[in-house]
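Scroll down for the structure; my scribbles are underneath it.
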């Protein structure tokens, strides 16, 4: 099946003499969702720390990638937020393996765009790819709005008492942890949409192609989810997910 192997290059690929391993082979068929209406493939979850760190490692010596713009700005944990454990997050989130499957945060929009460019290059190096030519990019506002319309979970109240259970990572009045997350959580949650996408609502807000961010995050209320914001600086509450367009079969 096309969706079974086209993402193989994200799982195993060579760069110079180094090999990167992102996911177990049995998980290859779980990463992307084909949205026929928009003629695109969408990642089921956000780009992870592990994936982005592999990207950074590979571009360090490449002149066509501005490493300084692409790095993770971990200082934003303490410069943006005031919780007492932010210094610990600044130190551990980018470096500890326990956070490898958490969404990458504190990156620039240029970093997200260059990641997409790099991913396309790696994909086209794979002689076993199913599609001749593809393009990876960030979702458009219209595409993400369609994903939001596909959401089937309840997130219409800022009052935690109105929920029987929580299928998202948001916050409520004076309570971050009631839904299981004091900050970001692992990317593979229970699907929130009919098509099987995770964390469209909550966990991290997501960067769109036009530079806005949507979707809500672990530090916002349910009522704030559908308010688009301009993305100006790296932020520990903002990440991204990839979209793939097939240009040539």
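A short reminder: the numbers here are calculations on the coordinates, not readings from a lab. Fair warning: this is a prediction, and the values are worked out from it, not measured in the lab. Heads up, the Cβs are rebuilt from the backbone with ideal geometry, glycines too, and the neighbour counts pull from every protein chain shown.
Between 225, 153, 200, the GNM of the chain built on Cα springs shorter than 10 angstrom shows 153 fluctuating the most. Once you divide the Cα radius of gyration of region 179-232 by 2.2 N^0.38 Å, the number left is 1.13.
In terms of other Cβ atoms within 10 Å, 47, 82, 88, 140 run from fewest to most in the order 82, 88, 140, 47.
At q = 0.12, 0.13, 0.15 Å⁻¹, work out log10 I(q)/I(0) for region 29-153 with the Debye formula, treating every Cα as an identical point scatterer and leaving solvent out; two decimals please. Each listed q corresponds, in turn, to -0.57, -0.67, -0.87.
The value of relative contact order for the chain, using C-alpha pairs under 8 Å at least six residues apart, is 24 percent.
Report the residues of region 197-231 in range of a label on residue 124: point 7 Å along Cα→C-beta, backbone N strictly under 18 Å from it. So the set is empty, nothing qualifies. Counting only Cα atoms, region 141-228 measures 33, 25, 23 Å along its principal axes, largest extent leading. The modelled label-to-label distance for the pair residue 221/residue 68, using points 7 Å beyond Cα in the direction of Cβ, is 4.1 nm.
Computed over the chain, the per-residue total of -39500 (n - 2.57) for DSSP H runs of n ≥ 4 gives a 222 nm mean residue ellipticity of -6500 deg cm²/dmol, rounded to 500. Normalised by the number of residues in region 130-249, the mean separation of alpha-carbon contacts (under 8 Å, six or more apart) gives a relative contact order of 34 percent.
With the Cα gyration tensor of the chain giving a ≥ b ≥ c as the square roots of its eigenvalues, does the rule (a/c under 1.5 for rounded; else a/b larger than b/c for prolate; else oblate) give rounded, prolate or oblate? Taking the square roots of the gyration eigenvalues as a ≥ b ≥ c, the chain is oblate. A crude spin-label estimate for the pair residue 245 and residue 82, with each label 7 Å from Cα along the Cβ direction, gives 4.4 nm.
Taking other C-beta atoms within 10 Å as the exposure proxy, 100, 235, 175 rank 175, 100, 235 from fewest upward.
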